[in-house]
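Participant: The following block contains the structure, expressed as structure tokens.
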Amino acid sequence: MQSGCVNSARLRGRMLCTASGDRTCHVVRLPNFAKDIKDEQKSQGDDGAVTVASLQRPLCVVSSNTHAGPVSAADFLADDTVATGSWDRTVQVHRFDAQTQLLATLVGHRGRVTDVRCAGPHLILSSATDGTARLWDVRATSKQSKAGTLVFQPSSGHSVVRCARFRQAKPSHVIDCTTDSGLFVSFDSRAPSKPLFAADLDCGGLNRFDYSPDAALAALPCDSGDVVIVNASSGRLVHTIASSAASSSSSSSSADGGSMATSTSWAGSDTLLVAGWRGVVHVFH
């Protein structure tokens, strides 16, 4: 598989795309774990013991190495198409089948791309260290293009935009951004020049976040290790999960003692998963 740090992993059904510091994106077809476990339990006898080694190995469908720098994120644009963002300041669109085909290289960011998110078969949202998020419509792009873009700038000062997301899973006109200066900023993509609101949460840098299933709340992971829960429509603080809560549930820590919370994911309306530098995933109810 990949020889560098894995920077993101996104699912679409049983397909998984990963982005890595080794400048590659891999698309992997996952096995049917539930079926494999059931079948393996039958063959193991009464105790039903199953080891990971006994399951099918994921099948690497295709990999891409067309970026000139580490790939920071990748996401599915369609069942056979992925978008990737890189430290080389570009977003690329790849179609995969028996082999990978580079469909477009999207140019415009002046800093490293920090994240990419896709909505529907045409829209890509990217964020970067240049302080902007960009919305790309691939229908308006050529092989190498910066056409068909809207630019969002969450802060008048210099801030790194670490994540930008559509408010809902389906294409939506509302876009939310997090920055390294602790801002949670919301835009209407039909009027990108002025934010709907900008909430300064005074908690250090904010990283890749997720919405609750009804999109009413956003769980924002912080450099400090805290997770702040806000009203997604206003940025109003609802609750803070202190890093000490995660520390008390695990003795694990990063090699340098850091406790940064790097990403969140809702698993139902009352369960939140938090990943970070501690080397574990914490589950909160």
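Participant: If you stretched the chain out fully between SER234 and HIS285, how much longer would it get, using 0.36 nm times the residue separation minus the C-alpha to C-alpha distance?
Facilitator: So the chain would gain 16.0 nm between SER234 and HIS285.
Participant: Follow-up question, since we're still on this one. May I ask you to compute the full-extension gain from VAL151 to SER3, defined as 0.36 nm times their residue separation minus their alpha-carbon distance, rounded to one decimal in nm?
Facilitator: Result: 49.9 nm gained on full extension.
Participant: To continue, here is another question. Mind grabbing the accessible area of TRP87 for me, 1.4 Å probe, Å², rounded to tens?
Facilitator: Answer for TRP87: close to 120 Å² accessible.
Participant: Roughly what would the spin-label model give for ALA216 and SER172, points 7 Å off Cα along C-beta, in nm?
Facilitator: Here the modelled spin labels are 1.4 nm apart.
Participant: Please report the accessible area of ILE241 (heavy atoms, 1.4 Å probe, ligands and nucleic acids excluded) in Å², nearest 10.
Facilitator: Counting only protein heavy atoms, ILE241 exposes about 20 Å² to solvent.
Participant: Suppose the chain between ARG95 and ARG190 were pulled fully straight at 0.36 nm per residue; how much longer would it get relative to their current alpha carbon spacing?
Facilitator: Length gained between ARG95 and ARG190: 31.3 nm.
The values are calculated or read from the model by the stated rules, or taken from the named source; none is laboratory data. Please read all numbers here as calculations on a predicted model, not as lab measurements. Positions of Cβ are backbone-derived with ideal geometry, glycine not excepted, and every protein chain shown enters the neighbour counts. To get the accessible areas, we keep the full protein, side chains included, count just its heavy atoms, and leave off ligands, DNA and RNA. Shrake-Rupley method; radii C 1.70, N 1.55, O 1.52, S 1.80 Å.
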